[in-house]
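**Student:** First the structure, which I've put down as structure tokens, then a few questions once you've had a look.
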Amino acid sequence: MKTLRIPHLNGIVTIKCGENIVGEELKKLSLDHSLLIITDETIANLYAHTISDIPTIIVPEGEKAKDIETYSMVIQEMLKRQVDKNVVLIALGGGSISDLTGFVANSYKRGLRFVNVPTTLLSQIDASIGGKNALNIQSLKNQIGTIYQPKEIIIDSSFLKTLPQKQFNSGMAEAIKYALLFDEALLEKIENQTFNQNDLIFRCVELKAQISSYDEFDSHKRKVLNFGHTVGHVLESLSKFTLTHGEAIAWGMLWEINSSLRPRLKKVLSKYSLLPDISFTLEEILSQIKSDKKIESENITLAKIPKVGKYELVKQTIETWQKELAHEHLW
Ligand SMILES: NC(=O)c1ccc[n+]([C@@H]2O[C@H](COP(=O)([O-])OP(=O)(O)OC[C@H]3O[C@@H](n4cnc5c(N)ncnc54)[C@H](O)[C@@H]3O)[C@@H](O)[C@H]2O)c1
């Protein structure tokens, strides 16, 4: 098992990475704390032996976990069960579950501790780390949320054995993002499909943990991790969440990259079946982008990537960006 201790404003977050570690780690936690698991039905059924006798709240799967109605149901259920401030919440699931649980933990009785146990590739390498949580309003992504760090993150790659291929590929979109921004050697391994899964997870975890510790509140360096997400979130909404998060940000990265790397990026994304057919118009996308939280007074921050491992954050007006995109045939 590899352990990272990542400093944040209000303390240290411990990240444990390994294979078949979750049972033992949950047992250790339950010695000192009362635990309450938040998960969805698929995971609860697949991992009934892991949950065993820990109290559990089951929520709907995918983006439905991030509805206000689900949030309200969880809070009411916790009140009914008289959950007090000593209880530690366990987010057992993908990014939807950790986004919901983080917000519940931060808001219930002004704050409970929580632990992320990510079960998708995407949440293991990205969503479980950095403390961002979020709820959606109707079909608008992540309009409510805070930055609130988990006490611990337990990353067990054995969960990925049951993960459907489409969901695995969705996580590969975030891995491709990290490789493109920071690590040429990793990008080559992903392109040639020669990466070791545990090494890939640990490398991405290190990168996400370092960047989100250095810029916890997303004011400068961390913004680069939004590469692909401005357009991606809009595509998720427009598709009514029929696109996976990875598919949406894959298209988003192609829109936002604006450099000679675009054909190389397109090739590797296609290799992982991350570019399904879609046909939204530029107008539809831009009109929704204006309500995205990353827009500050008609400006958008984009990550320009002239070569692998190099990037520059550029503030641009939406109009300038629209003119640039008009020359591209992206779909
Ligand atoms: N907070 C952040 O920093 C951050 C970063 C990236 C993404 N996100 C959010 O994460 C969400 C996407 O998360 P996701 O891609 O992990 O998907 P998800 O949580 O929506 O899960 C996708 C599906 O996979 C199933 N599943 C999960 N683990 C499984 C396993 N081990 N075996 C079999 N099935 C399993 C779930 O039941 C669900 O049906 C989006 O809402 C996105 O906005 C948040």
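Only the coordinates and a few stated rules stand behind these numbers; no lab work does. Please read these numbers as outputs of a predicted model, since none were measured by experiment. Here the Cβ is made from the backbone with ideal geometry for all residues, glycine too, and neighbour counts use every protein chain on show.
**Student:** Once the piece of chain linking Q316 and Q210 is laid out straight, how much longer is it, given 0.36 nm per residue of separation minus the C-alpha distance between them? Could the numbers behind the result be given before it?
**Tutor:** Details: separation 106, 0.36 × 106 = 38.16 nm, distance 2.67 nm.
Answer, rounded to one decimal: 35.5 nm.
**Student:** Same structure again: Quick one: of K109/K315; K141/K221; K132/K304, which pairs are farther than 28 Å apart, Cα to Cα?
**Tutor:** Details: K109/K315 39 Å; K141/K221 22 Å; K132/K304 24 Å.
Flagged as over cut-off: K109/K315.
**Student:** Relative contact order of the chain: what whole-number percent is it, with Cα pairs under 8 angstrom and at least 6 residues apart?
**Tutor:** Details: 573 pairs, mean separation 47.2, N = 331.
So the answer I get is 14 percent.
**Student:** Give me the percent relative contact order of segment 2-163, please, defined on Cα pairs under 8 angstrom at least 6 residues apart.
**Tutor:** On the way: 315 pairs, mean separation 41.4, N = 162.
Taking the mean separation of contacting Cα pairs over the length of segment 2-163, I get 26 percent.
**Student:** Give me the percent of DSSP beta bridges within segment 2-163 that run antiparallel, rounded to the nearest 5.
**Tutor:** Around 30 percent antiparallel, to the nearest 5.
**Student:** At 10 °C and 1.306 mPa s, grab the translational diffusion coefficient of segment 174-331 from Stokes-Einstein with a Kirkwood Rh over Cα pairs, rounded to a whole number in µm² per second. Working shown, then result.
**Tutor:** On the way: Rh = 16.1 Å.
Answer, rounded: 99 µm²/s.
**Student:** Normalise the Cα radius of gyration of the chain by 2.2 N^0.38 Å (N = residues in it) and let me know the number. Let's see the in-between values first.
**Tutor:** Details: Rg = 19.2 Å, N = 331, 2.2 N^0.38 = 20.0 Å.
Normalised Cα radius of gyration, the chain: 0.96.
**Student:** If you don't mind, there's one more thing I want to ask. Could you give the Stokes-Einstein D for segment 2-163 in µm² per second, using the C-alpha Kirkwood radius, 37 °C, 0.692 mPa s?
**Tutor:** Numbers: Rh = 15.5 Å.
So the translational diffusion coefficient is about 212 µm²/s.
**Student:** Cβ neighbours within 10 Å, averaged per peptide: list 317-325, 167-175 in order, most packed at the top. Provide the component values of the computation, followed by the final result.
**Tutor:** Working: 317-325: 13.4, 167-175: 24.0.
The peptides rank, most packed first, as 167-175, 317-325.
**Student:** Expressed as an acute angle from 0 to 90° and rounded to the nearest 10, what is the orientation of the C-alpha long axis of helix 165-182 relative to the principal long axis of the chain?
**Tutor:** Its long axis makes an angle of about 60 degrees.
**Student:** Within the P(r) computed for segment 108-201, what percentage of the Cα pairs occupies the region above 21 Å?
**Tutor:** Working: 1892 of 4371 pairs.
I get 43 percent for the Cα pairs in segment 108-201 exceeding 21 Å.
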